[in-house]
Amino acid sequence: MKYILILLVTLLVYSVFIEPNILTVKKLELKDEGLKGLKVVYATDFHVKPYEEFRLKRIVKKINEQNPDIILLGGDYVNGHTKGFSLKNSTIAEDLSKLHSKYGTVAVMGNHDGWQGKKDIIEAFESNGITVLENEHKDFGKFVIAGVEDLQTATPDVQKALANVDDKKPVILLTHNPDIIKSVPKKVNLTLAGHLHGGQVVLGKPLIVPSKYGTKYAYNYFGVEKLFVSRGLGTSILPVRFNALPEIVVVEFE
């Protein structure tokens, strides 16, 4: 009984204080002639608590170290359902403005951003040079980045986001929630999503995955759908992670 108690306490300490503060770099190499040579860094589900600016600055530093061509952000920058449980919008935006890449930083909003008032967050981001896409796209010349609204708190419209996109240009689509994947046309070269945190606690399989598809899209690259779902960076509901390491994602196209 004594050893079981020690083990449980050790696992609790690890899942609350250690794993959530580990920052890993997930590397994904994809073959795509249209995007060949492009290096993307994708980060999502920050959930920055009021006392965690140090963690956000660490994430920014790690992203910049990857020397990306473009930085894509997948939503849930704030923490909790109401203001007061998160670092200030202005501080989050100012820290994220320190991200550096050839083509800049493009973001979509998540459900927590929607619950806390995404208008203020979007204004803070855009005043700090971060492009926010809400059912729209931005043409970078050689490629297009499209982004949709969050599924839980707004109305994602993939068709609207891709309206008038040159069919000859490769497209990367940003969505906070992967549950929209069935509405994404095959012409999209890659869809990036988050929201599910890889289950956040994984004991053989993810314990809780808020998706209508269950654990199917909890985490991984899904080749048929050309979808990558990231484990993200922060925690939600409970401040724990176990066997679901926080990550930024480096996508290199060959």
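The values are calculated or read from the model by the stated rules, or taken from the named source; none is laboratory data. Since we're looking at a predicted model, the values are computed, not measured. Every residue, glycine among them, receives a Cβ derived from its backbone with ideal geometry; neighbour counts consider all protein chains shown. What goes into the accessible areas is simple: the full protein's heavy atoms, side chains included, and nothing from ligands, DNA or RNA. Shrake-Rupley method; radii C 1.70, N 1.55, O 1.52, S 1.80 Å.
Please name all residue pairs, on different chains or six or more residues apart, with Cβ atoms under 6 Å, provided the first residue is in the range 163-187 and is of a type in the set (S, T, N, Q) and the second residue is open to solvent by 40 Å² or more (accessible area, probe 1.4 Å).
N177/L151
Could you go through the range 107-128 and let me know if any residue there is part of a loop (DSSP other than H, G, I, E, B) and open to solvent by 60 Å² or more (accessible area, probe 1.4 Å).
We begin by selecting, within the range 107-128, every residue part of a loop (DSSP other than H, G, I, E, B); these are 108-110, 117, 128.
When the remaining residues are screened for being open to solvent by 60 Å² or more (accessible area, probe 1.4 Å), the result is none.
No, the range 107-128 has no match at all.
Can you find, within the range 155-183, the residue that is surrounded by the most Cβ atoms within 10 Å (Cβ to Cβ) among those that are touching a Lys or Arg at 6+ places or on another chain (Cβ under 8 Å) and more than 20 Å from Y103 (Cα to Cα)?
Among those that are touching a Lys or Arg at 6+ places or on another chain (Cβ under 8 Å) and more than 20 Å from Y103 (Cα to Cα), it is D179.
Looking only at the range 184-222, count how many residues are in a loop (DSSP other than H, G, I, E, B) and either hydroxyl-bearing (S, T, Y) or surrounded by fewer than 19 Cβ atoms within 10 Å (Cβ to Cβ) (or both). Give the steps one after another, and end with the answer.
Residues of the range 184-222 that are in a loop (DSSP other than H, G, I, E, B), as a first pass: 184-189, 194-196, 200, 204, 207-219.
Add one more test, that the residue is either hydroxyl-bearing (S, T, Y) or surrounded by fewer than 19 Cβ atoms within 10 Å (Cβ to Cβ) (or both), and what stays is 185-187, 204, 207-208, 210-217, 219.
Total meeting the criteria: 15.
Restricting attention to the range 129-154, report how many residues are of a type outside the set (S, T, N, Q), open to solvent by 20 Å² or more (accessible area, probe 1.4 Å), part of a loop (DSSP other than H, G, I, E, B) and in contact (Cβ under 8 Å) with a residue 24 or more places away in the chain. Don't jump to the end; show me each part of the working.
Just the residues of the range 129-154 that are of a type outside the set (S, T, N, Q), to begin with: 129-130, 132-134, 136-151, 154.
Among the residues that remain, those that are also open to solvent by 20 Å² or more (accessible area, probe 1.4 Å) are: 129, 134, 136-142, 149, 151, 154.
If we keep only those that are part of a loop (DSSP other than H, G, I, E, B) as well, we get 129, 134, 140-142, 149, 151, 154.
Adding the requirement that they be in contact (Cβ under 8 Å) with a residue 24 or more places away in the chain leaves 129, 134, 140, 142, 149, 151, 154.
Residues in the range 129-154 being of a type outside the set (S, T, N, Q), open to solvent by 20 Å² or more (accessible area, probe 1.4 Å), part of a loop (DSSP other than H, G, I, E, B) and in contact (Cβ under 8 Å) with a residue 24 or more places away in the chain: 7 in total.
Pairs only if they're at least six apart or on different chains, beta carbon under 8 angstrom, first in the range 70-95 and at positive phi, second among the polar types (S, T, N, Q); list them, first residue then second.
G75/T44; G75/N111; D76/T44; D76/N111; D76/S236; G80/S86; G80/Q116
For residues in the range 1-58 being among the hydroxyl-bearing types (S, T, Y) and over 30 Å from F143 (Cα atoms), which is modelled with the lowest pLDDT?
Ranking the candidates gives Y3 first.
Filter the range 223-254 for residues that are β-branched (V, I, T) and in a loop (DSSP other than H, G, I, E, B); which is most open to solvent (accessible area, probe 1.4 Å)? First the steps, then the outcome.
Within the range 223-254, the first condition is being β-branched (V, I, T), and the residues that meet it are 224, 229, 235, 237, 240, 248-251.
Checking which are in a loop (DSSP other than H, G, I, E, B) leaves us with 224, 235, 237, 240.
Working: V224: 128, T235: 11, I237: 163, V240: 25 Å².
Per the stated criteria, the residue is I237.
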